[in-house]
Every structure is written in structure tokens, then in C-alpha cells.
1. Could you identify the single residue in 28, 33 that is assigned to a loop (DSSP other than H, G, I, E, B), more than 30 Å from residue 115 (Cα to Cα) and at pLDDT below 55?
2. Against the condition under 18 Å from residue 72 (Cα atoms) and modelled with pLDDT of 90 or more, how does residue 94 come out, does it pass?
3. Which pairs turn up if I take residues in the stretch 74-86 that are touching a residue at least 12 places away in the same chain (Cβ under 8 Å) and look for partners that are assigned to a loop (DSSP other than H, G, I, E, B) and surrounded by 15 or more Cβ atoms within 10 Å (Cβ to Cβ) with beta carbon separation below 6 Å, at least 6 apart in sequence or on another chain?
4. Under 6 Å between Cβ atoms, at least 6 apart or on separate chains: pull out the pairs that start in the stretch 143-171 with a residue that is on the phi < 0 side of the Ramachandran plot and part of a helix (DSSP H, G or I) and end on any residue that is surrounded by 13 or more Cβ atoms within 10 Å (Cβ to Cβ) and at pLDDT below 90.
5. Restrict the check to the stretch 88-99 and report whether at least one residue is part of a helix (DSSP H, G or I) and touching a residue at least 24 places away in the same chain (Cβ under 8 Å).
């Protein structure tokens, strides 16, 4: 009984041309990946990670750095509230930076939101807005939907004064 073997789709002349194409110049057969020694870890390529991947690398940072980083990368009201609460429970003051204050605009406690608006008002007199579109959208949302009238008023006041703060600094 004979077994059926399909014909080779590549003619011998084409096969020889392909083999010659992939042969090294010195005529020795090309090494396979399995026969090469593995590069030591220090010589391997390094992955580039984004800001959120840094959160996973918290083992090397101190507790306060980790808590601050959690506040800065938090998204949404619940995450921001948790991160700020943990930071305050650790005995730390909330940072007086644009980035932290911008995150605190999402906090559930409107007294902290008003404090963040006051800090942003002071900071924006000296330094340009880092994330203007995000700041304007959060202030607009607070001006419309905040439960406390004082919070609505503070957000609306800062939102309306943003163009004035920007033009006064450029003069």
C-alpha cells in the first residue's frame, strides 16, 4: 500500500533561491533562536510604562509617596475620596499643587472641594493652568450640580475668573 504525499508547491529552483537568500554571507547555516544563548536580563530591552503602571511598582516607594501617587492617578469620585481619606488618615496634609487640587475637585466632601478651589485660585495667580480643559469642565460641573451653594458659587467664580487670571499673568 502506498501513502499519498502532496506535491511540493515550491519548485527546486525556487527553494534553492530562498535558501541562498537566507544563508549568511560566509556560507554557514544560520543559527536558530534555540541554539543562541539567552541574553542576560541587563541586556534585554526595557518596557516603557505609563503613569498608571507606576502604581503597581509601589513596593519601592515609601508609604507617603504611595498614598500621594494613589491620589494623583485616582479616577472618579470614589477613588479620589478613598485616596484623600487614606492620605489624611496617615497624618499627611493634602498637597497644595495644581494636580492634587484638580483631583480633589472630584472629592465627595464639598468642604475639601472648596479648599481645593481656594488653592487653585492662589496657584493660578502665579503659574499657568496645566490642564485647562479639564479644570473648566470640572468647575462647570461643580457650578451646576454641587449640593452646597457655597461650592457652586466658588466654582462659578473661579471658572469666570480663569480668562482674567490668564491675561493678567501675560502682561
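The values are calculated or read from the model by the stated rules, or taken from the named source; none is laboratory data. This one's a predicted model, so the numbers in the text were calculated from it and none came from an experiment. FYI the Cβ positions are ideal-geometry reconstructions off the backbone, even for glycines, and counts take in every protein chain you see.
1. Details: 28 fails: at pLDDT below 55.
Of the residues listed, the single one that is assigned to a loop (DSSP other than H, G, I, E, B), more than 30 Å from residue 115 (Cα to Cα) and at pLDDT below 55 is 33.
2. Details: under 18 Å from residue 72 (Cα atoms): yes; modelled with pLDDT of 90 or more: no.
For residue 94, the condition - under 18 Å from residue 72 (Cα atoms) and modelled with pLDDT of 90 or more - is not met.
3. Here the result reads 77/106; 80/74; 80/106; 80/107; 81/107; 83/74; 84/107, each pair linking the stretch 74-86 to a residue that is assigned to a loop (DSSP other than H, G, I, E, B) and surrounded by 15 or more Cβ atoms within 10 Å (Cβ to Cβ).
4. Short answer, once both residue conditions are applied: 165/124.
5. Within the stretch 88-99, the subset part of a helix (DSSP H, G or I) is 88-89, 98-99.
From the residues that got through so far, the ones that are touching a residue at least 24 places away in the same chain (Cβ under 8 Å) too are 98-99.
Yes, that holds for at least one residue.
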